[in-house]
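What follows is a single structure, written as structure tokens, with notes after it.
The values are calculated or read from the model by the stated rules, or taken from the named source; none is laboratory data. Because the structure is a prediction, the values reported are computed rather than measured. Quick reminder, even Gly has a Cβ in these numbers, built from the backbone with ideal geometry, and neighbours come from all protein chains shown.
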Amino acid sequence: MTSEDLFKKITAHCKEYGFIFPSSEIYDGLGAVYDYGQTGVELKNNIKKYWWDAMVLLNDNVTGIDSAIFMHPSVWKASGHVDAFNDPLIDNRDSKKRYRADVLIEEHIRKTEDRIDREVEKAAKRFGDSFDEALFRATNGRVVEYQRAAETVRNRMNDALKSENLEELRQIIIDCEIACPVSGSRNWTEVRRFNLMFATEMGSAADSTLRVYLRPETAQGIFVNYLNVQKTGRMKIPFGIAQIGKAFRNEIVARQFIFRMREFEQMEMQFFVPPGTELEWYEKWKDIRIKWHKALGLGDRKYRFHRHEKLAHYANAASDIEFEFPFGFKELEGIHSRTDFDLSQHQKYSGKKIQYFDPERNESYTPFVIETSIGLDRMFLSIVSAAYAEEKIDREDGAADERVVMRIPPALAPVKLAVLPLVKKDGLPEKATAIKNRLKFEFNCQYDEKDSIGKRYRRQDAIGTPYCVTVDHQTLEDDTVTIRHRDTMEQERAPISRLSEIVSEKTSMKSLLEKNG
Ligand code: GAP
């Protein structure tokens with residue numbers, strides 16, 4: 001199965017099993033906006049809880065807030081978003097479609113690199129076991145030529161972006177003969193900058209309306225509350241403020257399902273430190289965050305750090321944690337050392353003193369900031385992508401069968417336990433309902449009596465339920481049930497009185513948080 005096919009299957013599965021629906025689907029949807037369904041919202045809430053508890057409960061010096069989406073417009077002037085939060089866009093005159101110029105060029109580079117991969121694949125088949133891929137890549141004339149071409153274009157694009165040379169970006173598109181994917185023509189406009197913030201108006205009287213923005217990041221809500229939290233919480237530096245909330249960006253290239261959305265959620269933490277200690281804290285937070293990811297058990301090799309060579313003007317170090325999505329390694333989380341830029345800017349624009357008196361240093365200063373910023377939806381996508389598995393299985397009657405199983409980390413699974421009466425009679429539904437009603441106070445349980453037991457197992461596998469309990473006639477005699485484990489499909493007999501302990505052991509948030517310790 002190609003990675004493209006796999007991604008299509010994951011997307012379809014998310015819809016079929018109530019994880020994610022296109023927004024306003026009965027009106028044909030709204031570009032890059034999605035709704036979370038009955039299964040998805042549970043997984044999303046569990047991810048939030050895992051992040052929140054790891055930040056706020058496990059760290060004595062991190063506390064949380066929930067700031068408003070609307071903020072004073074000066075916030076976005078101070079943060080630089082009004083002037084500099086934009087993308088280089090180009091229009092095709094024939095199709096009237098608008099594209100990000102850098103993305104068009106990147107796609108062109110990717111096509112060249114795909115050609116290289118195809119050459120390598122062909123050669124690997126031709127030479128069999130004796131194939132030396134590294135040698136082939138370094139010496140095959142066609143491959144070397146493609147590699148050089150891709151590198152030249154990439155360097156030109158990076159230089160143009162760095163020097164804000166929009167004319168050069170257009171020239172690269174012309175030189176590479178990049179055509180509009182819709183019209184097929186090369187009839188391009190100039191490249192222009194386009195701000196990504198959504199704006200709206202607050203107030204009803206024409207002379208007193210205020211142009212406000214839907215926040216493009218949650219971080220600024222933390223910066224403008226720094227003084228409030230530090231003072232009312234009597235926080236001593238170093239300390240952090242965590243927040244989970246919606247963010248909005250008018251992304252032009254919004255694709256790859258929930259990877260890049262126009263309305264999404266962020267989980268951000270700003271950690272305030274004394275100047276001069278920021279790089280030490282930056283390394284510490286990189287370690288803490290990668291541990292948080294790896295504790296999920298999706299596979300350590302699915303994560304890697306990508307250090308930014310080109311830093312934003314306010315940063316003195318920055319790395320992304322990248323995840324191997326079905327479409328390749330891509331940014332999942334950013335960890336940035338943002339100096340004192342944001343607090344200094346707010347001090348300047350608001351005219352309020354934003355300083356900390358450090359009793360140990362006996363001096364006042366503007367704190368420096370380490371930021372960890374992760375997209376909740378992207379985190380969701382990383383989990384469902386890694387969890388999705390198609391498996392061939394042998395049925396009890398000897399026939400071959402298949403199942404789709406979502407190997408979601410048990411502590412994050414939407415439903416922890418399904419309680420299933422073997423048949424819909426003989427008092428088994430009543431017994432099963434009683435078990436469910438007893439356990440529902442501890443974890444998310446589902447009761448299901450419809451269809452054969454095999455079909456019910458498949459439904460639970462498809463939403464990633466770690467345990468299914470079957471109530472049969474023996475249950476009525478000795479108060480034992482069959483527990484089926486999602487991953488191994490093994491079954492064991494256990495007393496009802498031990499269910500809570502068995503299920504909690506693997507599925508509790510505590511067990512996951514302890515892996516971060
Ligand atoms: N405060 C820093 C900040 O917002 P960012 O790299 O622009 O930095 C942080 O965003 C994270 O938010 C990204 O690593 C990504 O996970 C998520 N994110 C950003 N734009 C997104 C979008 N359009 N759709 C979904 N997630 C997005």
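Odds and ends about this structure:
- Residue in region 87-109 that is polar (S, T, N, Q), assigned by TED's automatic domain parsing to the domain that holds Asp287 and closer than 22 Å to Pro181 by Cα present: no
- Within region 147-174, the set of residues being polar (S, T, N, Q), part of a helix (DSSP H, G or I) and more than 15 Å from Asn92 (Cα to Cα) comprises Gln147, Thr152, Asn155, Asn158.
- Some residue of region 365-378 being buried (at least 18 other Cβ atoms within 10 Å of the Cβ), among the small types (Gly, Ala, Ser) and under 11 Å from the mean Cα position of the chain (by Cα): yes
- Taken over region 216-268, the residue count meeting the criterion of being more than 10 Å from the ligand (Cβ to nearest atom) and not in a helix (DSSP H, G or I) is 18.
- Set Ile335, Ile288: member being of a type in the set (A, V, I, L, M, F, W, C), more than 14 Å from the ligand (Cβ to nearest atom) and either modelled with pLDDT of 95 or more or surrounded by fewer than 18 Cβ atoms within 10 Å (Cβ to Cβ) (or both): Ile288
- Here the condition is being under 21 Å from Ser337 (Cα atoms) and within 29 Å of the chain's Cα centre (by Cα); of Gln256, Gln220, Gln230, it holds for Gln220 alone.
- Answer residue from region 31-72, given it is surrounded by fewer than 15 Cβ atoms within 10 Å (Cβ to Cβ) and either at pLDDT below 95 or on the phi > 0 side of the Ramachandran plot (or both) and is nearest to the chain's Cα centre (by Cα) among those: Gly31
- Boolean, Glu177 is assigned to a strand (DSSP E or B), loosely packed, with under 14 Cβ neighbours inside 10 Å and more than 16 Å from the ligand (Cβ to nearest atom): no
- Residue within region 94-116 that is among the hydrophobic types (A, V, I, L, M, F, W, C), within 30 Å of Glu151 (Cβ to Cβ) and within 16 Å of the ligand (Cβ to nearest atom) present: yes
Residue-wise test of (1) in the same structural domain as Gly221 (by TED's automatic domain parsing); (2) over 19 Å from Ser385 (Cβ atoms); (3) aromatic (Phe, Trp, Tyr); (4) not in a helix (DSSP H, G or I).
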| position | (1), (2), (3), (4) |
| --- | --- |
| Ile10 | yes, no, no, no |
| Gly31 | yes, yes, no, yes |
| Leu43 | yes, no, no, no |
| Met55 | yes, yes, no, no |
| Ser67 | yes, yes, no, yes |
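- Criterion (of a type in the set (Lys, Arg) and either more than 27 Å from the chain's Cα centre (by Cα) or within 30 Å of Gln347 (Cβ to Cβ) (or both)) met by exactly one of Arg110, Arg115, Arg100, Arg154: Arg115
- All strands (runs of 3 or more DSSP E) inside region 401-514 with 2 or more residues being in contact with a Cys (Cβ under 9 Å, 6 or more places away or on another chain) and buried (at least 19 other Cβ atoms within 10 Å of the Cβ): 417-421, 480-485
- For Ala123, the conditions (1) within 16 Å of Leu89 (Cβ to Cβ); (2) more than 33 Å from the chain's Cα centre (by Cα); (3) buried (at least 16 other Cβ atoms within 10 Å of the Cβ) are fulfilled apart from (1).
- Some residue of region 75-83 being part of a loop (DSSP other than H, G, I, E, B) and under 14 Å from Ile222 (Cβ atoms): no
- Condition check for Asn158: in contact with a strand residue (DSSP E or B) (Cβ under 7 Å, 6 or more places away or on another chain) and in contact (Cβ under 8 Å) with a residue 40 or more places away in the chain: no
- Only residues that are of a type in the set (S, T, N, Q) and either in contact with a Ser or Thr (Cβ under 6 Å, 6 or more places away or on another chain) or over 30 Å from Lys510 (Cβ atoms) (or both) were counted across region 287-336, and they come to 1.
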